[in-house]
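The values are calculated or read from the model by the stated rules, or taken from the named source; none is laboratory data. Fair warning: this is a prediction, and the values are worked out from it, not measured in the lab. Note that each Cβ is placed from the backbone with ideal geometry, even for glycine, and that neighbours are counted across all protein chains shown. The accessibility values were calculated without ligands, DNA or RNA, using every heavy atom of the protein model including side chains. Shrake-Rupley method; radii C 1.70, N 1.55, O 1.52, S 1.80 Å.
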There are 2 protein chains.
Amino acid sequence: MGNNTPLVQLSHGSGGYMMHRLIRDYFAPAFDLKSLNDSAVIDNLPNGRLAVTTDSYVISPYFFPGGDIGLLAVCGTVNDLSMAGAKPLYLTSGFIIEEGFPLDHLKRILDSMQAISREIGVKIIAGDTKVVERGKGDGIFINTAGIGVIENGIDISPRNIRPGDKVILSGSIGNHGMSVMAQRSGISFEPQLCSDVRPLNSLVDVMLRETKKIHAMRDPTRGGIATTLKEFANESGYCIIVEEEAIEVLPAVRGACELLGLDPLYVANEGALIAIVDKDIAEILVEKMKTTKTGERAAIIGEVVETPQQTVLFKTAIGGARIIDMLSGEQLPRIC
Amino acid sequence: MGNNTPLVQLSHGSGGYMMHRLIRDYFAPAFDLKSLNDSAVIDNLPNGRLAVTTDSYVISPYFFPGGDIGLLAVCGTVNDLSMAGAKPLYLTSGFIIEEGFPLDHLKRILDSMQAISREIGVKIIAGDTKVVERGKGDGIFINTAGIGVIENGIDISPRNIRPGDKVILSGSIGNHGMSVMAQRSGISFEPQLCSDVRPLNSLVDVMLRETKKIHAMRDPTRGGIATTLKEFANESGYCIIVEEEAIEVLPAVRGACELLGLDPLYVANEGALIAIVDKDIAEILVEKMKTTKTGERAAIIGEVVETPQQTVLFKTAIGGARIIDMLSGEQLPRIC
């Protein structure tokens, strides 16, 4: 890197002039900050219950095929709100930046956050920046907290899962985790792997316009779909049976998983969702989902049965069945 | 440290079993998490406008005289909400932990967050944990975002500042910054320095019960009272004149500042506030503040005049005056 590349300095986190200039020149143009110092004040909140969530993003590398840490920090938190059936409205954003971080990388990340938050229609209303010394961080970490509103009549929670319910998966799995893994390992795959990171709010909006009989919904990020399904089984007390062949894994992802010895069921996704829904509306809901870009590969992949309790069973193409557990140990650190 | 001290491992951030156990055994007992996975849902929010804020805390060392990073992460965000005149109600909390962090330190920090949030009456309703590899973080970083409600009739903003207004400071300055600095430098002072980190919500509650004529309010953290006063002068367009001798600096803080070559006006505070208020209610308001523990040293320290615009003037005991600017450069990194 040339000597002329401006870098983040410790004084950018001091509270003084340098920080005011950093906020004025970089953060304020990208966000909808109500004030550079105070709390943001929200005057008119739509009716409904409030959904609140938070996530920190520490992904390495912070630029990856298909996205960057800023896109992820907006989508990840928007998706968490969407999984509760909430319309995402406001985000806060806290940055922890390592001294020496290139300001043009910060600019790219902020541009990315601005573009996606405008597309979603969510406002970033409060922010904070801290700078840590070289060697005490790793480039950039971003926390986002999100606030959304849940319309009356929507109640999405694993406690609503009932035997007979159908399990819907919105798209192919493993794309995010394997694209980050491939970039990190330096191995290139053909066709190129690409993260699925994207907002799920409009897909959820289409789904909720079709039916309120969505019992549970979650986006399978860290731990992959296996972990999410096991959480649903544990929290509902029932058994989830999944047809393994109904789950789509793109050839490039399958190839990369085989080469690196990973199971795509445990690989992180950032643009897919699993919904557990009333059996009577499952098929028509999948058809509706398929009319959207995000849900065009949606499919029913399984169903809920009484027993064995708190169990996830994967039925294979040749008629076998295996019990699926949560991820144990660490498959791939800093995937999000 | 003995071999038997349990440490945070990368798998504690994996999304799988280890993370579920960490949340169940450490975070869930300390917080009011509505669910271990989903968004928190708030059913009944009091009437009023919503105040929203966020801050990341990267203080080094994370245990310091008078507090720890957990206490700071709760108080700092509660105080930001309080400065907007909001009653703090809910917090989210995102942890970025370095691999190898002692679990008993995490426990102490969570206990501290639990104790202070109960005392304040604020609920920590959503959380997130990420683990980064050794050498890619620095022990523990915590982000908190806060939600509060502003009662109708309260409007606190620097744009309300008017010539004639009085400037109130709630207590002595420099305690937080100098206690952290002393601990970091390894120098011991007599009497011992102690951070002023504490919640300001009940002091603000007392103030707002007395009067709605509080025009602006801010807690002078990074950059100290000089930076906060300069922000008020810039944002209002007026001049703030302060009597330097009205500002209390404890002898130990003054001594430490002299030894280390620092100006207490620029040193961070975590339990003090500056309020700019209508002149007619200033004196009675200070008397009310003095009835509280947090405000017992409250005093009028200056006033707002028309000109010179956007200027802060400090009048010294011997009759001189100096222009005070914001902190430039970095006085003390990672103070909060």
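A:Ile154 to B:Ile318: FRET efficiency via 1/(1 + (r/R0)^6), r the Cβ-Cβ distance, R0 56 Å, to the nearest 0.05?
Working: r = 68 Å, r/R0 = 1.21.
That gives a FRET efficiency of 0.25.
With a 1.4 angstrom probe, the accessible area lost at the B-A interface totals about 5500 Å².
Largest to smallest in accessible area, the residues A:Leu7, A:Leu50, B:Leu313 fall in the order A:Leu7, B:Leu313, A:Leu50 (1.4 Å probe, all protein chains included).
Classify chain B as rounded, prolate or oblate, taking a ≥ b ≥ c as the square roots of the eigenvalues of its Cα gyration tensor: rounded when a/c is under 1.5, otherwise prolate if a/b is larger than b/c and oblate if not.
It comes out oblate by the Cα gyration axes.
Non-local lysine pairs in the stretch A:158-324, meaning eight or more places apart or on different chains, with alpha-carbon distances under 13 Å, amount to 4. Burial here means at least 40 square angstrom less accessible surface with every protein chain in place than with the chain by itself, probed at 1.4 Å; in the stretch A:190-223 the buried residues are A:Arg218, A:Arg222.
Quick one: work out the % antiparallel among DSSP beta bridges in the protein assembly as shown, nearest 5. Please list the in-between numbers first.
Working: 92 of 120 bridges.
DSSP beta bridges in the protein assembly as shown are roughly 75 percent antiparallel.
For chain A, the longest principal axis of the C-alpha atoms and the axis of helix A:201-210 are separated by about 40°. Among A:Thr221, A:Thr291, A:Thr211, the sequence by solvent-accessible area, most first, with a 1.4 Å probe is A:Thr291, A:Thr221, A:Thr211. Here's how it looks for A:Lys123: its modeled amide H is under 5 Å from those of A:Tyr90, A:Leu91, which are all 5 or more places away or on a different chain. Where the centroid of each part is defined by its Cα atoms, how far is the stretch B:33-67 from the stretch A:232-250 in Å? One Cα centre to the other: 34 Å.
Around A:Arg108, with a cut-off of 15 angstrom between Cβ atoms, what is the net charge of the other residues, counting Lys and Arg +1 and Asp and Glu -1?
On the way: positive: A:Lys107; negative: A:Asp25, A:Asp68, A:Asp104, A:Asp111.
The answer is -3.
D by Stokes-Einstein for the protein assembly as shown, Kirkwood Rh over Cα pairs, 4 °C, 1.567 mPa s: 50 µm²/s. If you model the stretch A:73-126 as an ellipsoid using its alpha carbon gyration tensor, with each semi-axis the square root of five times an eigenvalue, the axes come out at 24, 12, 9 Å, biggest first. Proximity of backbone amide H atoms, modeled 1.01 Å from N, is registered between A:Tyr57 and A:Ile142, A:Asn143, A:Thr144 at under 5 Å, excluding neighbours fewer than 5 places apart on the same chain. Helical content alone sets the calculated 222 nm signal of chain A at -8500 deg cm²/dmol, taking -39,500 (n - 2.57) per DSSP H segment of four or more residues and averaging over every residue. Rolling a 1.4 angstrom probe over the protein heavy atoms with all chains in place gives the protein assembly as shown an accessible area of 38 Å² per residue. Per-atom-type breakdown for chain B gives carbon and sulfur 46% of the accessible area (1.4 Å probe, protein chains only). Heavy-atom accessible area for A:Ile225, with the other protein chains in place and a 1.4 Å probe, reaches approximately 0 Å². Can you tell me the 0 to 90 degree angle between the C-alpha axis of helix B:103-120 and the longest principal axis of chain B, rounded to 10? Helix B:103-120 sits roughly 50 degrees off the main axis of chain B.
Reported value for the stretch B:161-207: 121 Å³ per residue, from the convex hull of its C-alpha atoms.
For B:Glu119 and B:Lys293, the difference between the fully extended length at 0.36 nm per residue and the C-alpha to C-alpha distance is 61.2 nm.
Accessible area per residue was computed with a 1.4 Å probe on protein heavy atoms; B:Met83 scores about 10 Å². Electrostatic tally near A:Ala84: other residues with Cβ closer than 12 Å to its Cβ, Lys and Arg +1, Asp and Glu -1, net -1. For the stretch A:236-288, taking Cα atoms only, Rg and Dmax work out to 14.2, 41 Å respectively. For B:Leu7, nonlocal amide neighbours, meaning residues 5 or more places apart or on other chains whose placed amide H falls under 5 Å from its own, are B:Leu103.
Rolled with a 1.4 Å probe across the full set of protein chains, the surface gives A:His215 an accessible area near 30 Å². With q set to 0.20, 0.22 Å⁻¹, the log10 of I(q)/I(0) for the stretch B:1-147, from the Debye formula over equal scatterers at the Cα positions, is -1.28, -1.50. Buried on complex formation within the stretch A:321-336 (loss of at least 50 square angstrom of accessible surface versus the isolated chain, 1.4 Å probe, ligands and nucleic acids ignored): A:Met326, A:Glu330, A:Arg334.
R0 = 41 Å: FRET efficiency of A:Asn47 with A:Val305, Cβ-based, nearest 0.05? After rounding, the FRET efficiency stands at 0.60.
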